[in-house]
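The values are calculated or read from the model by the stated rules, or taken from the named source; none is laboratory data. These numbers were taken from a predicted model, which means no experiment stands behind them. As a convention, Cβ positions derive from the backbone with ideal geometry for all residues, glycine included, and neighbour counts pool all protein chains shown. Areas reflect the complete protein model, heavy atoms only, side chains present, ligands, DNA and RNA absent. Shrake-Rupley method; radii C 1.70, N 1.55, O 1.52, S 1.80 Å.
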Amino acid sequence: MALVALELAGRAVLVAGGGPAAARAAASLLDQDADVRVLAEELCEDLAELARTGRVRWTPRPAVAADLDDCWLVVAATGGSLTDRALLAAAAERRRPALAAAGDEPGGGGAREDEAGWGLGSARLLPLEEPSTPSPARSRTGPAGRVVLVGGGPGAEDLITVRGQRWLARADVVVADRLGPTGLLDRLPARVEVVDVGKTPGRHQVSQDEINQVLLDRARAGLTVVRLKGGDPFLFGRGGEEWLACVRAGVAVEVVPGVSSALSVPALAGVPVTHRGTSTGVLVEHGHTELTGAAVRAVVTGEATLVVLMGVANLSRHVATLLAAGADPRTPAALVSDGSTPRQRSVTAPLGRLVAEVESAGLGAPAVVVVGAVVDALAPAAPAGDGSGPGENGA
Ligand SMILES: C[S@@+](CC[C@H](N)C(=O)[O-])C[C@H]1O[C@@H](n2cnc3c(N)ncnc32)[C@H](O)[C@@H]1O
């Protein structure tokens, strides 16, 4: 039974102290998915390892009362009863929940509960029971393991979200794709299992059912499984299917939204997908099939921007469809490949010449296609249809 029942997932917890008691508290807090910050001049080996692997954030100085302003819970584990007492008193003043972690010696290191309103003497942090009110962002019905669908952004390692990075630092298993910030995988600790399910030409394609099975098997074994995806998990990422597979199997699952290539890759090439006075909306489609009527209308009327993902193979077919439906061949268009990576390249051209310019520049997948006046919105010096060539640029 839990001594202390607090929902700590994602909460900022301050651990003051760097010794073994602080390390035990930090480990227990991490088990409960707290966001742990450690303040101490020095760390014992266990805590140093947690800091080195990014599982806790360490600031190498003693905690002061002002540090309590930024946290939700305080754990006083400095090993010095006076310091711990001062922290608990400061926490009580701020009406912050606080615990004194048990010292390494019986009675050592912890303040008594009667000395500070919120202190719980030598309480150890124990795993929590199921939260009585499940957070709406998660479905938690299964065993201790979980699946976290993390959107990794378009590829640059610093375009993953802070939350995504935190989950990555806590992962036991990472199930990764070919796109997204794959460079981060090289820096995972050796204990983390990396399962590569990315689609690479000439290699066995891992089916969605097989991917789902990997996620469920590992989570059922009690592991924290990060499903790292390019962009956002729910935009053409099959994240919805993985979510449903977990829910149906009774496995805890949550999603960390990501920076989608649909918006970020055009932005990185200088194209705002909407722009005041130019475009009032944006339509995102995949290019595996014929464009929808809505996409064609958006381009023909010029009312909204069209963004196509996975559209390289069918580019000429899509352009032909748009032109046949009455789109102005001078409509500005762009194709941006390998966005956010050192290989990023882009071609801008009037719609009527886009295919030829992309071919002559030799750009291929992964790429985002943008069609609409926004392509020129930030480049008024190079109006559409001026015949000045492909406008190819390296990133
Ligand atoms: C299966 S979809 C996944 C989209 C992803 N969930 C997202 O939100 O960005 C893959 C497509 O996204 C686009 N894409 C992803 N990363 C890209 C990048 N770095 N540069 C250009 N296009 C990218 C390409 O159109 C690629 O074919």
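For the range 81-91, give me each residue that is within 18 Å of Val13 (Cβ to Cβ) and either open to solvent by 30 Å² or more (accessible area, probe 1.4 Å) or part of a loop (DSSP other than H, G, I, E, B) (or both). Steps first, please.
If we filter the range 81-91 for residues that are within 18 Å of Val13 (Cβ to Cβ), which is where we start, we get 83-84, 87-88, 90-91.
Listed by number, the list holds a single entry, Thr83.
Of these, Val206, Val214, Val225, which one is closer than 22 Å to Met310 by Cβ and either of a type outside the set (D, E, K, R) or in contact with a helix residue (DSSP H, G or I) (Cβ under 8 Å, 6 or more places away or on another chain) (or both)? Please lay out each step first, then the result.
Values: Val214 fails: closer than 22 Å to Met310 by Cβ; Val225 fails: closer than 22 Å to Met310 by Cβ.
Val206 is the lone residue from the list that is closer than 22 Å to Met310 by Cβ and either of a type outside the set (D, E, K, R) or in contact with a helix residue (DSSP H, G or I) (Cβ under 8 Å, 6 or more places away or on another chain) (or both).
Could you tell me how many of the residues in the range 147-174 are within 25 Å of Gln32 (Cβ to Cβ) and touching a helix residue (DSSP H, G or I) at 6+ places or on another chain (Cβ under 6 Å)? I'd like the intermediate steps shown before the answer.
First, the residues of the range 147-174 that are within 25 Å of Gln32 (Cβ to Cβ): 147-152, 160-174.
Filter again for touching a helix residue (DSSP H, G or I) at 6+ places or on another chain (Cβ under 6 Å), leaving 147-150, 173.
The qualifying residues number 5.
Enumerate the pairs (first residue in the range 245-257 and in the same structural domain as Asp217 (by TED's automatic domain parsing); second residue anywhere and among the hydroxyl-bearing types (Ser, Thr, Tyr)) with beta-carbon separation below 6 Å, excluding pairs fewer than 6 apart on the same chain, so at least 6 apart or on different chains.
Between residues of the range 245-257 that are in the same structural domain as Asp217 (by TED's automatic domain parsing) and residues that are among the hydroxyl-bearing types (Ser, Thr, Tyr), the close pairs are Val247/Ser139; Gly250/Thr141; Val253/Ser139.
Spot the failing condition for Leu185; the list is (1) assigned to a helix (DSSP H, G or I); (2) in contact with a helix residue (DSSP H, G or I) (Cβ under 6 Å, 6 or more places away or on another chain), and only one is missed.
Every listed condition holds for Leu185 apart from (2).
What about Val194, is it touching a helix residue (DSSP H, G or I) at 6+ places or on another chain (Cβ under 9 Å), assigned to a strand (DSSP E or B) and over 25 Å from Val369 (Cβ atoms)? Break it down into steps so the answer makes sense when it comes.
Values: touching a helix residue (DSSP H, G or I) at 6+ places or on another chain (Cβ under 9 Å): yes; assigned to a strand (DSSP E or B): yes; over 25 Å from Val369 (Cβ atoms): yes.
The answer is yes for Val194.
State whether the residues of the range 35-49 include one that is farther than 22 Å from Gly79 by Cβ, assigned by TED's automatic domain parsing to the domain that holds Thr83 and out of contact with any Pro (no Cβ under 7 Å at 6 or more places or on another chain).
Taking the range 35-49 and keeping what is farther than 22 Å from Gly79 by Cβ, we get 35.
The next check asks that each one be assigned by TED's automatic domain parsing to the domain that holds Thr83; those that pass are 35.
Keeping just the survivors that are out of contact with any Pro (no Cβ under 7 Å at 6 or more places or on another chain) gives 35.
Yes; the residues of the range 35-49 include at least one that is farther than 22 Å from Gly79 by Cβ, assigned by TED's automatic domain parsing to the domain that holds Thr83 and out of contact with any Pro (no Cβ under 7 Å at 6 or more places or on another chain).
Quick check on Gly180: is it buried (at least 18 other Cβ atoms within 10 Å of the Cβ) and in a loop (DSSP other than H, G, I, E, B)? Spell out the reasoning first.
Values: buried (at least 18 other Cβ atoms within 10 Å of the Cβ): yes; in a loop (DSSP other than H, G, I, E, B): yes.
Considered against the rule, which asks whether it is buried (at least 18 other Cβ atoms within 10 Å of the Cβ) and in a loop (DSSP other than H, G, I, E, B), Gly180 comes out as yes.
Is it true that Asp376 is modelled with pLDDT under 95, open to solvent by 10 Å² or more (accessible area, probe 1.4 Å) and among the acidic types (Asp, Glu)? Give the derivation first.
Details: modelled with pLDDT under 95: no; open to solvent by 10 Å² or more (accessible area, probe 1.4 Å): yes; among the acidic types (Asp, Glu): yes.
When the stated conditions are applied, Asp376 does not pass them.
Let's see how each residue does on (1) modelled with pLDDT of 95 or more; (2) assigned to a helix (DSSP H, G or I); (3) within 16 Å of the ligand (Cβ to nearest atom):
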| position | (1), (2), (3) |
| --- | --- |
| Pro201 | no, no, yes |
| Asn212 | yes, yes, no |
| Leu215 | yes, yes, no |
| Leu244 | yes, yes, no |
| Val255 | yes, no, yes |
| Gly258 | yes, no, yes |
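Could you say whether any residue in the range 53-68 is in contact (Cβ under 8 Å) with a residue 24 or more places away in the chain, out of contact with any Lys or Arg (no Cβ under 9 Å at 6 or more places or on another chain), outside the structural domain of Pro189 (by TED's automatic domain parsing) and outside any loop (DSSP other than H, G, I, E, B)?
Within the range 53-68 (the criterion being in contact (Cβ under 8 Å) with a residue 24 or more places away in the chain, out of contact with any Lys or Arg (no Cβ under 9 Å at 6 or more places or on another chain), outside the structural domain of Pro189 (by TED's automatic domain parsing) and outside any loop (DSSP other than H, G, I, E, B)), the answer is no, since none of the residues qualifies.
Looking only at residues in the range 213-262 that are polar (S, T, N, Q) and closer than 20 Å to Gly164 by Cα, which one is farthest from the chain's Cα centre (by Cα)?
At the first step, the residues of the range 213-262 found to be polar (S, T, N, Q) are 213, 224, 260-261.
Keeping just the survivors that are closer than 20 Å to Gly164 by Cα gives 224, 260-261.
Numbers: Thr224: 15, Ser260: 10, Ser261: 13 Å.
Taking the candidates together, the pick is Thr224.
Quick check on the range 217-241: of everything there that is within 16 Å of the ligand (Cβ to nearest atom) and among the basic types (Lys, Arg), which residue is most open to solvent (accessible area, probe 1.4 Å)? It would help to see each step written out before you state the result.
To start, the set of residues in the range 217-241 that are within 16 Å of the ligand (Cβ to nearest atom) comprises 226-241.
Of the ones still in play, those that are also among the basic types (Lys, Arg) are 227, 229, 238.
Details: Arg227: 5, Lys229: 5, Arg238: 113 Å².
This residue is Arg238.
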